[in-house]
Amino acid sequence: MALVTAAVVMLDCAEPEKLAYFYRQLLEGEESEASADLVEVRAADGGRIAFRRDANATPPSWPRPENSLQAHLVFLVEDLDETERRVIGLGGRAIEARDVAGPFEERGYADPAGHSFTLRLAPPVAPKVG
């Protein structure tokens, strides 16, 4: 029997309800838990992300080194352009306007509270042979 049954990524922010709405729409998920200071979202694939109220929360200033990256989320997507339109429409913003060097096609963004995340093109899945 597994000792850990699930993992939840939690982000501190000033307005958890607003940030939960952003991610609920982006991930096509549902609110799975809510209280005065915490909102949790369950994504369509079962992943969980929560937002905890912190009146003194300040967004990380990544990529500037004076305020280190506190957390970074990566979302695998099938269409970068379509998902980017959704992110911008929900109040997110691009933080890397150039193509990122590396083995993956990806783009960097910040959510409405300033947390950085990456949209990475999901590798195509080849059908099983045999």
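No lab work stands behind these numbers, since they all come straight from the coordinates. Keep in mind that this is a model prediction, so the values were computed, not measured. All Cβ positions, even for glycine, are placed from backbone atoms using ideal geometry, and neighbour counts span all protein chains on display.
Structure notes:
- Extension gain from Arg52 to Arg85, taking 0.36 nm per residue of separation minus the Cα-Cα distance: 9.2 nm
- Distance between the 7 Å Cα→Cβ label points at Ala6 and Ala44: 1.9 nm.
- Listed peptides 12-23, 81-92, 43-54 by packing density, highest first (mean Cβ within 10 Å): 12-23, 43-54, 81-92
- Each Lys or Arg adds one and each Asp or Glu subtracts one; over the other residues with Cβ under 11 Å from the Cβ of Ala122, this totals -3.
- Long-range amide H partners of Glu33 with built H, under 5 Å: Glu40
- Extended-chain gain in nm, criterion 0.36 nm per residue less alpha-carbon gap, Ser32 and Ala71: 11.9 nm
- Net charge of Cβ neighbours under 12 Å - reference Ala110; Lys, Arg +1; Asp, Glu -1: 0
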